[in-house]
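Novice: What follows is a structure written as structure tokens; I'll ask about it next.
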Amino acid sequence: MNIRTICCIGAGYVGGPTMSVIAQKNPSIKVIVVDVNKARIDAWNNENLSKLPIFEPGLAEVVKEARNRNLFFSTDVDSAIDEAEMIFISVNTPTKTYGAGKGMAADLQYVELCARQISKVSKSDKIVVEKSTLPVKTAEAIKDILANTNTAVNFEVLSNPEFLAEGTAIQDLIDPDRVLIGGDQTEAGLNAIEALVNIYTAWVPEDQIITTNLWSSELSKLTANAFLAQRVSSINALTELCESTGANIEDVAQAIGSDSRIGPKFLKASLGFGGSCFQKDILNLVYICKSLGLNQAADYWEQVVIMNNHQRNRFAHQIVKSLHGTVAAKKIGFLGWAFKKDTNDTRESAAIYIADILIEERAYVQVFDPKVTLLQIRSDLNGLNTRSETENDKFLVNHSDPYETLNGTHAIAVITEWDEFKSYDWQKIYERMQKPAFVFDGRNILDQKKLESIGSVSYTHLRAHETGRNL
Ligand code: UDX
Ligand code: ADP
């Protein structure tokens, strides 16, 4: 099938950047990204590129080049489906908050709605591509809906999971380790796979494009995330051991990561992984294993999430303990709220859970993040439903200036590893803090020697057990 127009349903963190790069690299293909969220589409169409709904290094430049040339953002979902030969489903698949599988299974209602809408609108053959991370066998449900609701046209369903990481999305899209495409191993399925391969070969070497069947593709995505998250929980599990023994976690990470069989990546100790994928995908994997009666496999993977919860709780309680057992009415400055640097995404950020624990202890949490708005921070905290919105507002403080935010704080917690935090004037920050001044570095990014030279800062980090030490 000759692809002249692509439609992508969902203009989020995956759909937006992915389609921007596909459009940039395939100028002869028209790419229409649609979303039901009008405010989001308006932001994608904003003349001012600093107002795009997603912050990603390099994204604005790609959008600038392709937008209104062959890349379009619209709320007219039906017209885009009708016009396209290939439709990507890139909608959210959050963890279910109700019914069977509540708290574990993926909520597929948005995916199913897309399938029904595609079926309703389509008047010609379509290739439907799953881009969102989906439980293995979801394609079967999509195929079932399409085949039984519109028999006039032929639908081929492909799985083409996205492996980009936020904060490096453009780089990951332009130079991916691999592109994975799964489809039916029938003649029509193989033709559909070829059509998608042709889109990627505009810039990705063919030997980096892996083609397989639908189920292997769906499962590979889920398990790739589980493996990555497992590494983070594994290294985080060792931070506690380091603190108890005097070993240094960074030295241990370097030593084990130098083994080429282990490798150096994803061994950065932290206050716990966040983001929209890891927890959701592992819980989903656990749910699938349990559904199949594979209880040992389910328990094994669930431990990765249990360890992650433990790490962020531990960080919060360490702050309380170090501040003489109480943070009531004390001001705790948060540097960062996003789940990692170079993104404005806060989904499942450790910041939310750590702030919640501290507010429960009656601390004032004063947050500065270079890219996250107060509106978002509020909505994240309120989303936990721990207390009323008014109560949260009382304990939450936010300024657009980091020095203002940290003014008068009893302690500072480094939550996100934004580069700019390293080059702050820490002398100035220290002078305006309450004494004794505490800094809890949840990302191990600050220069210990520099802080040591300032004054009586108690610098606690994940490298070794040094809680409460006056440097
Ligand atoms: C992840 C996968 O990396 C990506 O391939 C997939 O498509 C989506 O899920 P993302 O969640 O965007 O990407 O970011 P990632 O870089 O994986 O980080 C996830 C979390 O783990 C962040 O909170 C990060 O701070 C944390 N992390 C990562 C660590 O704590 N230590 C590490 O060494 C690496
Ligand atoms: P991701 O990180 O997976 O990209 P996001 O939540 O950032 O997830 O983006 C998903 C987008 O999909 C949201 O902007 C949401 O409004 C959109 N969406 C969900 N369901 C539909 C639908 N049926 N039609 C159009 N857009 C949808």
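The values are calculated or read from the model by the stated rules, or taken from the named source; none is laboratory data. Only a predicted model underlies this, so the values are computations on that prediction, with no experimental measurement involved. So basically every Cβ, Gly included, is an ideal-geometry build from the backbone, and we count neighbours across all protein chains shown. All accessible areas refer to the heavy atoms of the entire protein, side chains included, with ligands and DNA or RNA removed. Shrake-Rupley method; radii C 1.70, N 1.55, O 1.52, S 1.80 Å.
Novice: List the helices (runs of 4 or more DSSP H) inside the stretch 218-330, counting only whole elements, that have at least 2 residues being crowded, with 17+ Cβ neighbours inside 10 Å, touching a residue at least 40 places away in the same chain (Cβ under 8 Å) and touching an Asp or Glu at 6+ places or on another chain (Cβ under 9 Å). Lay out the reasoning, then the answer.
Specialist: Values: elements: 249-257, 278-291, 295-322.
Result: 278-291, 295-322.
Novice: Next question. In the set Thr201, Thr149, which member is more than 16 Å from ligand 1 (Cβ to nearest atom), closer than 19 Å to Val31 by Cα and of a type in the set (Ser, Thr, Tyr)?
Specialist: Thr201
Novice: Right, another one. Report yes if some residue within the stretch 176-188 is in a helix (DSSP H, G or I) and touching a helix residue (DSSP H, G or I) at 6+ places or on another chain (Cβ under 8 Å); otherwise report no.
Specialist: No, the stretch 176-188 has no match at all.
Novice: Could I ask something else about it? Do we find that Arg261 is charged (D, E, K, R) and away from ligand 1 (no atom under 15 Å from the Cβ) in this structure? It would help to see each step written out before you state the result.
Specialist: Values: charged (D, E, K, R): yes; away from ligand 1 (no atom under 15 Å from the Cβ): yes.
So Arg261 passes the test.
Novice: Then there's this: So the check is Cβ under 6 Å with 6+ separation or different chains; which pairs have a first residue in the stretch 379-394 that's farther than 13 Å from Ile354 by Cα and a second one that's of a type in the set (D, E, K, R) and open to solvent by 60 Å² or more (accessible area, probe 1.4 Å)?
Specialist: Between residues of the stretch 379-394 that are farther than 13 Å from Ile354 by Cα and residues that are of a type in the set (D, E, K, R) and open to solvent by 60 Å² or more (accessible area, probe 1.4 Å), the close pairs are Asn382/Glu389.
Novice: Now a separate question. If you go through the stretch 106-124 one residue at a time, do you hit one that is in contact with a helix residue (DSSP H, G or I) (Cβ under 8 Å, 6 or more places away or on another chain), on the phi > 0 side of the Ramachandran plot and basic (Lys, Arg)?
Specialist: no
Novice: OK, next. Kindly indicate the residue of the stretch 1-21 that is farther than 20 Å from Lys51 by Cα and crowded, with 24+ Cβ neighbours inside 10 Å and also nearest to ligand 1 (Cβ to nearest atom) among those meeting that condition.
Specialist: Applying the filter and picking the extreme gives Cys8.
Novice: Give the stretch 142-160 a look and list any residue that's within 16 Å of Glu194 (Cβ to Cβ) and either basic (Lys, Arg) or surrounded by fewer than 18 Cβ atoms within 10 Å (Cβ to Cβ) (or both), or say none.
Specialist: The one that is within 16 Å of Glu194 (Cβ to Cβ) and either basic (Lys, Arg) or surrounded by fewer than 18 Cβ atoms within 10 Å (Cβ to Cβ) (or both): Asn154.
Novice: Still on this model: Identify all residues within the stretch 200-211 that are surrounded by fewer than 17 Cβ atoms within 10 Å (Cβ to Cβ) and of a type in the set (S, T, N, Q); write none if there are none.
Specialist: Passing the criteria: Thr201, Gln208.
Novice: Moving on. Mind listing just one residue for me: the one in the stretch 312-344 that is in contact with a Gly (Cβ under 7 Å, 6 or more places away or on another chain) and within 16 Å of ligand 1 (Cβ to nearest atom) and, of those, nearest to Asp441 (Cα to Cα)?
Specialist: Among residues in the stretch 312-344 that are in contact with a Gly (Cβ under 7 Å, 6 or more places away or on another chain) and within 16 Å of ligand 1 (Cβ to nearest atom), the one nearest to Asp441 (Cα to Cα) is Phe315.
Novice: Taking into account only those residues within the stretch 172-190 that are open to solvent by 40 Å² or more (accessible area, probe 1.4 Å) and within 12 Å of ligand 1 (Cβ to nearest atom), which is nearest to Thr343 (Cα to Cα)?
Specialist: Selected residue: Asp172.
Novice: Still on this model: Go through (1) away from ligand 2 (no atom under 16 Å from the Cβ); (2) among the aliphatic types (A, V, I, L, M); (3) without any contact (Cβ under 8 Å) to a residue 60 or more places away in the chain one by one and return the number of the condition Ala195 breaks.
Specialist: (3)
Novice: Take Ser349 and decide whether it is over 18 Å from Asn407 (Cβ atoms), of a type in the set (Ser, Thr, Tyr) and over 24 Å from the mean Cα position of the chain (by Cα).
Specialist: No.
Novice: hydroxyl-bearing (Ser, Thr, Tyr), touching a helix residue (DSSP H, G or I) at 6+ places or on another chain (Cβ under 7 Å) and under 27 Å from Glu240 (Cβ atoms): which single residue out of Tyr403, Tyr353 fits that description?
Specialist: Values: Tyr403 fails: under 27 Å from Glu240 (Cβ atoms).
Unique residue meeting the criteria: Tyr353.
Novice: Take the stretch 380-401 and flag every residue that is within 20 Å of Lys341 (Cα to Cα) and within 24 Å of the chain's Cα centre (by Cα).
Specialist: Asp380, Leu381, Asn398, Ser400
Novice: Is it the case, given these coordinates, that Lys341 is charged (D, E, K, R), more than 16 Å from ligand 2 (Cβ to nearest atom) and touching a residue at least 60 places away in the same chain (Cβ under 8 Å)?
Specialist: Yes.
Novice: Here's a follow-up. Does the stretch 16-26 include one or more residues that are farther than 13 Å from Ile199 by Cα, touching an Asp or Glu at 6+ places or on another chain (Cβ under 6 Å) and not in a helix (DSSP H, G or I)?
Specialist: No - not one qualifying residue is present in the stretch 16-26.
Novice: Moving on. Which residues, counting only those in the stretch 53-102, are without any contact (Cβ under 8 Å) to a residue 40 or more places away in the chain, within 16 Å of ligand 2 (Cβ to nearest atom) and open to solvent by less than 50 Å² (accessible area, probe 1.4 Å)?
Specialist: Scanning the stretch 53-102 gives a single hit, Lys96.
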